[in-house]
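The values are calculated or read from the model by the stated rules, or taken from the named source; none is laboratory data. Computed from a predicted structure; not experimentally measured. Neighbour counts run over all protein chains shown; Cβ positions are idealised from the backbone, glycine included. Note: areas computed on protein heavy atoms with side chains; ligands, DNA, RNA excluded. Shrake-Rupley method; radii C 1.70, N 1.55, O 1.52, S 1.80 Å.
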Amino acid sequence: FASHNVKYVKTSSRINMCDSWDFAVEHASGKFVIIIGDDDGVMSFAVEALKHQWKTNPADIYYWSEHTYFWPDVYGKPFCEKVSQRSQPGTMNVNQRVRSVIKRGSASLKQIPMIYHGAVSSALLDKIRAEQGRLFHSRQPDTYLGFVCAAYSPICVNVGRALSVNAWSAASNSGSMR
């Protein structure tokens with residue numbers, strides 16, 4: 001990778017998603033962890049944008065609305081489903097957001113800040129792992145940890161622009177469910 005701030009790790013054999021994500025986080029060495037899939041992308045300015053937020057708006061959780069792209073093997077041709085618009089950066093009360101999402105139902109789960117296409121501090125992840133033994137206890141590790149992080153850290157920061165691309169391919173979990 002062009003940045004020493006980005007690390008790619010791979011297990012020696014195929015394992016389930018929760019074990020894979022625990023493996024990835026255990027190998028992380030930075031102050032913050034972001035999980036993306038191997039068919040996803042990181043914007044070229046993402047690391048610098050996050051560094052700026054960490055300095056100006058200290059928090060344990062950062063989130064953004066990611067772009068969405070479909071690889072050609074999903075629908076026969078590549079296309080971008082969503083280009084996220086910039087929004088006003090700022091803080092959000094995660095506990096209020098979680099309560100609101102639960103009241104409205106699962107259709108709004110993407111509104112909860114997550115480690116998948118979001119950034120969570122290593123310190124917060126270490127605290128959760130120390131108390132719970134591991135980070136991911138569900139077949140939906142991104143959503144599960146989003147709720148757990150909200151229980152541990154009431155405030156998060158909206159970065160205000162997309163720092164990643166959530167891509168779907170035929171081999172990805174999301175692509176294989178269509």
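If you take the residues in segment 94-108 that are closer than 19 Å to residue 156 by Cβ, free of Cβ contacts under 8 Å to residues at least 24 places away in the same chain and not charged (D, E, K, R), which one is surrounded by the fewest Cβ atoms within 10 Å (Cβ to Cβ)?
96
Sort out which residues of segment 114-152 are open to solvent by less than 10 Å² (accessible area, probe 1.4 Å) and more than 18 Å from residue 28 (Cα to Cα), and write them in order of number.
146, 150, listed by residue number.
Among helices (runs of 4 or more DSSP H) lying entirely in segment 1-79, which contain 3 or more residues that are crowded, with 16+ Cβ neighbours inside 10 Å and of a type in the set (A, V, I, L, M)?
Where helices (runs of 4 or more DSSP H) fall fully within segment 1-79 and carry at least 3 residues being crowded, with 16+ Cβ neighbours inside 10 Å and of a type in the set (A, V, I, L, M), they are 46-56.
So, residue 69, is that one modelled with pLDDT of 90 or more, touching a Cys at 6+ places or on another chain (Cβ under 7 Å) and farther than 17 Å from residue 145 by Cβ or not?
yes
Among (1) more than 20 Å from residue 32 (Cβ to Cβ); (2) open to solvent by 90 Å² or more (accessible area, probe 1.4 Å); (3) polar (S, T, N, Q), where does residue 91 come up short?
For residue 91, the failing item is (1).
Within segment 85-97, identify whether any single residue is modelled with pLDDT of 90 or more, in a strand (DSSP E or B) and touching a helix residue (DSSP H, G or I) at 6+ places or on another chain (Cβ under 8 Å), and answer yes or no.
Among the residues of segment 85-97, not one is modelled with pLDDT of 90 or more, in a strand (DSSP E or B) and touching a helix residue (DSSP H, G or I) at 6+ places or on another chain (Cβ under 8 Å), which makes the answer no.
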